[in-house]
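> Right, I'll just put the structure down here and ask away after.
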Amino acid sequence: MSGAVEAPLVAAARAGDTLRVKRLLEEDGEYTDCDKRTAAFAVAVQAFDGHIADLLLWGGADAGQCAPEELLSLREAVDSGSPALVGALLDGRIRDRYPASELMEMRDLARSWHEAGTEAELRRRTGSQDDLVYTRVQDDEYYTVGELTLGGITVRDGHGAILTALEDQLGVRASCEELITRALDRDQDHAAWGRSAIVLAHRREQETWTAAETLRADADPSRRLFGAELMRLFELFADSHEEEFSVLAVDALTDWSAEETDSAVLAEVLHGLGSYSGPRAEAALLAHVGHHDAGVRRAVAAGLGTSLDSTYLSEEAREALLALMSDSDTDVRIAACLSVGAVGNGDFALTDAMAALLHHPERRVQLVAVYGLALHNDERCVEGADRLGQPRPGFRNEEAGYLDAAWRYQWRRNDN
């Protein structure tokens with residue numbers, strides 16, 4: 001008698017097929033079954049795939065329905081070096097399975113990996129002096145880590161991020177200097193950098209602010225970049241634009257934008273002004289409209305038109321966004337179109353510029369053009385949405401929001 005056929009979602013998780021998992025999570029019918037999603041979550045964890053495990057948790061899997069023996073031990077997850085995998089096992093529904101004493105032991109384990117260095121500890125454990133294979137891999141939806149293979153064992157180099165997460169879980173306060181060092185051991189796309197930046201920015205205290213200001217004056221661009229990200233997050237996490245550290249961040253970033261020479265740092269500085277409305281911030285953004293680096297121009301395009309008055313756009317910002325919507329860089333065009341859409345004032349020159357993007361060869365540009373036109377109540381969004389059709393499988397969450405705006409416009413129009 002043959003065994004039961006494995007559910008497609010479980011099979012996709014076992015195969016590590018991220019796109020297939022996303023597609024199945026989007027579908028209706030049997031894949032809304034929490035039990036199947038939970039079974040797939042257990043399989044993903046057993047396969048050391050934190051990225052897919054995290055997707056399944058967001059998609060409705062219930063970690064609390066998994067027996068401890070169906071999952072990895074927390075020690076195995078920490079040893080793996082995957083912050084996403086450890087995060088999946090620390091999901092709120094099963095976090096209380098781990099007593100504080102075990103969490104402290106796992107913090108110490110993560111620290112030993114981090115302080116020894118992933119390669120050195122891997123060589124110590126395997127006893128191998130062979131050549132090591134290193135690749136960069138996606139660990140979750142937002143961050144990457146390094147993956148090292150030696151002597152038949154594969155680990156990831158996310159132990160610094162795991163250490164920071166476990167400290168945060170335990171209420172253990174690492175020093176500001178130590179968190180900055182952990183971040184700067186890696187680059188901006190690495191989980192260790194992102195975790196340290198978020199923990200520090202949430203502290204919202206003078207010590208962290210002083211550290212950010214010190215980093216701003218450093219000769220090393222990577223240190224300035226981390227300082228700029230801290231200031232951006234200080235502003236982003238503020239409860240209001242009047243909060244003390246939000247005001248300090250906007251003032252510092254505005255001044256910084258006039259003197260920064262490194263393009264990556266400047267782009268981060270300008271992104272920090274993107275959620276703030278005010279003439280000084282706008283002037284700082286406008287000063288870099290014609291910058292040679294596309295990343296800087298993207299930051300300008302994303303930041304303009306963010307006034308609290310959603311119908312207002314200064315003439316200078318309007319002209320800049322018109323130019324940026326025809327930029328040679330696709331991502332700059334997208335950012336400019338999204339900013340114009342948010343203004344929603346029906347300006348004919350702006351809507352014509354967005355309508356021209358309906359014929360851009362890339363679907364993602366057409367999507368934001370449809371979205372922007374819909375927010376301006378422009379009829380052309382309907383035809384654009386009809387041409388694009390339904391969201392593509394595996395990209396439903398990203399595309400549905402843009403297309404839904406056109407369909408909502410159509411409903412409003414038909415009701416009048």
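> For the range 312-365, which positions are among the aliphatic types (A, V, I, L, M) and closer than 13 Å to residue 376 by Cα? So that I can check it myself, show each step before the final result.
So in the range 312-365, the residues among the aliphatic types (A, V, I, L, M) come out as 313, 317, 320-325, 332, 334-336, 338, 340, 342-343, 349-350, 353-358, 365.
Passing the criteria: 338, 340, 342, 343, 349, 350, 353, 354, 355.
> Does any residue of the range 320-329 turn out to be assigned to a helix (DSSP H, G or I), in contact with an Asp or Glu (Cβ under 6 Å, 6 or more places away or on another chain) and on the phi < 0 side of the Ramachandran plot?
Looking through the range 320-329, none of the residues is assigned to a helix (DSSP H, G or I), in contact with an Asp or Glu (Cβ under 6 Å, 6 or more places away or on another chain) and on the phi < 0 side of the Ramachandran plot.
> Check the range 155-168 and report whether any residue there is charged (D, E, K, R), loosely packed, with under 15 Cβ neighbours inside 10 Å and in contact (Cβ under 8 Å) with a residue 24 or more places away in the chain. Step through it out loud before you land on a result.
Going through the range 155-168, the residues charged (D, E, K, R) turn out to be 156-157, 167-168.
Okay, now just the ones that are also loosely packed, with under 15 Cβ neighbours inside 10 Å, so none.
Checked against the condition, which is being charged (D, E, K, R), loosely packed, with under 15 Cβ neighbours inside 10 Å and in contact (Cβ under 8 Å) with a residue 24 or more places away in the chain, the range 155-168 yields no hits at all.
> Follow-up question, since we're still on this one. What residue, among those in the range 65-119 that are small (Gly, Ala, Ser) and over 20 Å from residue 55 (Cβ atoms), is surrounded by the most Cβ atoms within 10 Å (Cβ to Cβ)?
So the first thing to find is which residues in the range 65-119 are small (Gly, Ala, Ser), and the list is 67, 73, 77, 80-82, 84, 87-88, 92, 100-101, 110, 112, 116-117.
Filter once more, so that each one left must be over 20 Å from residue 55 (Cβ atoms): 67, 73, 100-101, 110, 112, 116-117.
On the way: 67: 7, 73: 14, 100: 10, 101: 8, 110: 25, 112: 13, 116: 14, 117: 14.
Ranking the candidates gives 110 first.
> Given the options 320, 336, name the one that is surrounded by 21 or more Cβ atoms within 10 Å (Cβ to Cβ) and more than 25 Å from the chain's Cα centre (by Cα).
Values: 336 fails: more than 25 Å from the chain's Cα centre (by Cα).
Being surrounded by 21 or more Cβ atoms within 10 Å (Cβ to Cβ) and more than 25 Å from the chain's Cα centre (by Cα) holds for just one of 320, 336, which is 320.
> Need the failing condition index for residue 65 against (1) at positive phi; (2) touching an Asp or Glu at 6+ places or on another chain (Cβ under 8 Å), just the number.
Going through the list (1) at positive phi; (2) touching an Asp or Glu at 6+ places or on another chain (Cβ under 8 Å), residue 65 breaks only (1).
> Just to check your reading of the model, which residue among 216, 298, 224, 232 is crowded, with 17+ Cβ neighbours inside 10 Å, out of contact with any Leu (no Cβ under 8 Å at 6 or more places or on another chain) and closer than 30 Å to residue 178 by Cβ? Show your work before the answer.
Working: 298 fails: closer than 30 Å to residue 178 by Cβ; 224 fails: out of contact with any Leu (no Cβ under 8 Å at 6 or more places or on another chain); 232 fails: out of contact with any Leu (no Cβ under 8 Å at 6 or more places or on another chain).
Result of the check over 216, 298, 224, 232: 216.
> Search the range 382-403 for residues that are more than 15 Å from residue 369 (Cβ to Cβ) and surrounded by fewer than 16 Cβ atoms within 10 Å (Cβ to Cβ) and pair each with any residue that is at pLDDT 90 or above and hydroxyl-bearing (Ser, Thr, Tyr) when their beta-carbon atoms are under 6 Å apart and the residues are at least 6 apart or on different chains.
Matching pairs, first to second residue: none at all.
> Would you mind finding the one in 78, 86, 21 that is touching a Gly at 6+ places or on another chain (Cβ under 9 Å), touching a residue at least 60 places away in the same chain (Cβ under 8 Å) and among the β-branched types (Val, Ile, Thr)? Even if it seems obvious, please write down each step before you answer.
Details: 78 fails: touching a Gly at 6+ places or on another chain (Cβ under 9 Å); 21 fails: touching a residue at least 60 places away in the same chain (Cβ under 8 Å).
Only one candidate qualifies: 86.
> Okay, moving on. Which of the residues belonging to the range 248-271 are within 19 Å of residue 220 (Cβ to Cβ), in contact (Cβ under 8 Å) with a residue 24 or more places away in the chain and assigned to a loop (DSSP other than H, G, I, E, B)?
Within the range 248-271, 260, 262 qualify.
> Pick out the one residue from 136, 107 that is among the charged types (D, E, K, R) and under 20 Å from the mean Cα position of the chain (by Cα). Walk me through how you get there before you give the answer.
Numbers: 107 fails: under 20 Å from the mean Cα position of the chain (by Cα).
So the residue among 136, 107 that is among the charged types (D, E, K, R) and under 20 Å from the mean Cα position of the chain (by Cα) is 136.
> Identify the single condition in (1) closer than 20 Å to residue 313 by Cα; (2) touching a helix residue (DSSP H, G or I) at 6+ places or on another chain (Cβ under 7 Å); (3) without any contact (Cβ under 8 Å) to a residue 24 or more places away in the chain that residue 366 does not satisfy, given that it satisfies every other one.
Evaluating residue 366 over (1) closer than 20 Å to residue 313 by Cα; (2) touching a helix residue (DSSP H, G or I) at 6+ places or on another chain (Cβ under 7 Å); (3) without any contact (Cβ under 8 Å) to a residue 24 or more places away in the chain leaves (1) as the failure.
The values are calculated or read from the model by the stated rules, or taken from the named source; none is laboratory data. Only a predicted model underlies this, so the values are computations on that prediction, with no experimental measurement involved. Methodologically, a virtual Cβ is constructed for each residue, glycine included, from the backbone with ideal geometry; neighbour enumeration extends over all protein chains shown.
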